[in-house]
Structures are given as structure tokens and as C-alpha cells.
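Asks: Dropping a structure here in C-alpha cells format, bear with me for questions.
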């Protein structure tokens, strides 16, 4: 799926803070913004949902 470009205006102080955060996480500024938006959507249960990882086999006994 192709990415859709758009213009985002923000306060210069917010921009600088996001850029530093992106640098710390070794991401581009665009990648950091997308990461944060996806995390916010996931937290609000509005983003794409992934199936939980299933285990293959019985769970180990706690007392064994």
C-alpha cells in the first residue's frame, strides 16, 4: 500500500522535541510521528488489530 503524503503544521517547540525523540529512537521524524499515531490508535482500539499470538500445545503446570 502506498503512503499518502500530507502537510502537517506544528509548533516549532513540538517539532524540536519530536525530532530529538526520533533521533533517540533512531527513527526519521516521519517514522516517529507515524509510530506515535499508531500507538495512540492501538491504545484507543481504533487502529488495525492483530490476532494474538497462540501457543502450540498445553500450558506447563505451575506445580511441576
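The values are calculated or read from the model by the stated rules, or taken from the named source; none is laboratory data. Given the structure is predicted, the values throughout are model-derived calculations rather than measurements. When we count neighbours, we look across all protein chains shown, and the Cβ atoms used for this are built from the backbone with ideal geometry, even at glycine.
Asks: Of the residues that sit in region 22-48 and are touching a helix residue (DSSP H, G or I) at 6+ places or on another chain (Cβ under 6 Å) and modelled with pLDDT of 95 or more, which one is surrounded by the fewest Cβ atoms within 10 Å (Cβ to Cβ)?
Replies: Per the criteria, the residue is 29.
Asks: Just to be sure, is residue 16 modelled with pLDDT of 95 or more, exposed (fewer than 12 other Cβ atoms within 10 Å of the Cβ) and assigned to a helix (DSSP H, G or I)?
Replies: In short, yes.
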